[in-house]
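Laboratory data are not the source of any read-out in this text; all were calculated from the coordinates shown. The model shown is predicted, which means the values in this text are computed figures rather than measured ones. Quick reminder, even Gly has a Cβ in these numbers, built from the backbone with ideal geometry, and neighbours come from all protein chains shown.
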Amino acid sequence: MNCPHTAAAPADRGAGAVVIDPMVQDLDGETARLRDAGVLARIDLLGVPAWTVTRHAEARQLLLDPRLVKDIDAWGLWQSGVVTRAWPLIGMIDAGRSMFTVDGAEHRRLRTKTSQALTPRRLEAIRPEIEKFTQELLDALDAAQGDDGVVDLKAVFAQPLPMRVVGMLMGVDESQHAMLTRQYKAFFSMLTPQDERLSLLAELDVFYTDLVREKTARPTDDLTSALILAEEGGEPLTEEEVVGNLKAMVAAGHETTIGLVLNAVRALLSHPDQLRKVLAGEAGWDAVIEETLRWDTPTTHLLMRFATEDVTVGDEVIRKGEGLVVSYRAIGRDIEQHGADADAFDITRPTRNRHMTFGHGPHICPGAALSRVEAGIALPALFTRFPGLRLAVPDEEITKLPVMTQNDMTAFPVLLG
Ligand code: STR
């Protein structure tokens, strides 16, 4: 890949780094290489050097460390102009002011309303709607079968469901869902030229700002309106902050849950003994969901935190100004945490709930309970409606999207049986 940053990065820092493959051609191999590279490993992200943490215990500790912050201005490579908006991953970090990019007391102010709206108790109220969307999309699956009986479970089911749910929650009209799906696909794909990515981000900003202005004039009962009306500590959120939270919710809410649902279906279809256990009621769907979250995390790498002081981890030091990625997929395969068979998918494993896939500390995923509700409805409904569901191609033929931070498939062709 032609990347101007390769030349600009200091030569000594990239040495021995694990190069993260933008085409995601061998995710399991890369996950294993990261684990072998150590607790704290040097990685290369399109020519830009960073650290990553690959182990559960140390990640937990680092995610509680106030010396690591989200503010991009704390990044040495950004201050010095080595990294600019021309870097294809910049949109993962420089994403506007929101609960995703701010720490400390201000972070609490930005996040409280959202996390309160997404508690398991509050989510019970929208369960019937999620069930209704699920049934509609199961009908759509049935109708979408080609002459050969093949249908893409991603395009017709796993992708539209989370978009409908997050759209309903945030008050984004259904007429916009196809546009958003298309824009986020281009945003995440490393095949998208950077100038296109920057212009689509600008378009999305206009879209979300217009939406926030509309809701400011006529608030409804969605979370966007609640964010507009909220006063945390006597201080309302600014328009920029509401827009930032709204786009974080839509991006996160739809992209990550696609991965959870598809990765669970794929794991079950390739482990028929375990599927049988679930269908016979010998194991719960919650076990499938937690083990999938651990074994095949929807988020591969989370970008990025920056050290405001030197931070020592074992024998390594993250120097002030350096960047830290959290490699959740490697963390899910940590042998210290999950045992020597950490690479095996096993829904009966005792540690299946002791994963860290939703993060830890102040930024822990506020949508965790929502994604569990969605997958907890979608998966049993899918296998109840289509008990003979099977892959239409050999498992090895399933390809990953060229996305460096998310674990998402190009397509998932199935036969409904
Ligand atoms: C995408 C671009 C954007 O406009 C806003 C955000 C903020 C939230 C981010 C999102 C990003 C990318 C995917 C993330 C999400 C939070 C959770 C999700 C990182 C940068 C995960 O994959 C865990």
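Observations
- Peptides 60-72, 241-253 ordered by average Cβ neighbours within 10 Å, highest first: 241-253, 60-72
- Mean sequence separation of contacting Cα pairs (under 8 Å, at least six apart), scaled by the length of region 154-313, corresponds to a relative contact order of 26 percent.
- Each 5 Å bin from 0 upward holds the following percent of the Cα-Cα pairs of region 285-413: 2, 9, 14, 18, 21, 17, 10, 5, 3, 2, 1, 0.
- Residues with amide H under 5 Å from that of M409, placed H, sequence gap 5 or more: L401
- Over the chain, relative contact order from alpha-carbon pairs under 8 Å, at least 6 apart, %: 25 percent
- Across region 105-229, the relative contact order, built from alpha-carbon pairs under 8 Å that are at least six residues apart, equals 23 percent.
- Distance violations [Cα-Cα > 32 Å] among K247/K277; K320/K400; K247/K400; K70/K277; K154/K247; K185/K320: K247/K277; K320/K400; K70/K277; K185/K320
- Among A41, A344, A95: highest mean-square fluctuation, GNM of the chain, C-alpha pairs under 10 Å: A344
- Gap separating the Cα centres of region 200-220 and region 123-161, nearest whole Å: 28 Å
- Put simply, when 145-155, 370-380 are sorted by average Cβ atoms within 10 angstrom per residue, most first, you get 370-380, 145-155.
- The magnitude of the dipole of the chain, with charges of +1 and -1 set on the Cβ of Lys/Arg and Asp/Glu and taken from the Cα centre, is near 580 debye.
- When the charge dipole of the chain is built from unit charges on Cβ atoms (+1 for Lys and Arg, -1 for Asp and Glu) and taken about the Cα centre, the candidate among Q61, A392, V18 whose Cα reaches farthest toward its positive end is Q61.
- Under the Karplus curve 6.51 cos²θ - 1.76 cosθ + 1.60, θ = phi - 60°, whole-Hz ³J(HN,Hα) for region 355-363, x wherever Gly or Pro sits: 9, 10, 4, 8, x, 7, x, x, 8
- The helix-only estimate of mean residue ellipticity at 222 nm for the chain, built from DSSP H runs of length n ≥ 4 each weighted as -39500 (n - 2.57), is -14000 deg cm²/dmol after division by the residue total.
- Local electrostatic count, D310, Cβ distance below 10 Å [Lys/Arg +1, Asp/Glu -1]: +1
- Candidates M304, M179, M99: whichever shows maximal mean-square fluctuation once the chain is modelled as a Gaussian network with Cα springs under 10 Å: M179
- For the chain, a Gaussian network of Cα nodes joined below 10 Å ranks R121, R97, R109 by mean-square fluctuation, and the top entry is R121.
- Distance between the C-alpha centres of region 282-359 and region 402-417: 21 Å, rounded to the whole angstrom.
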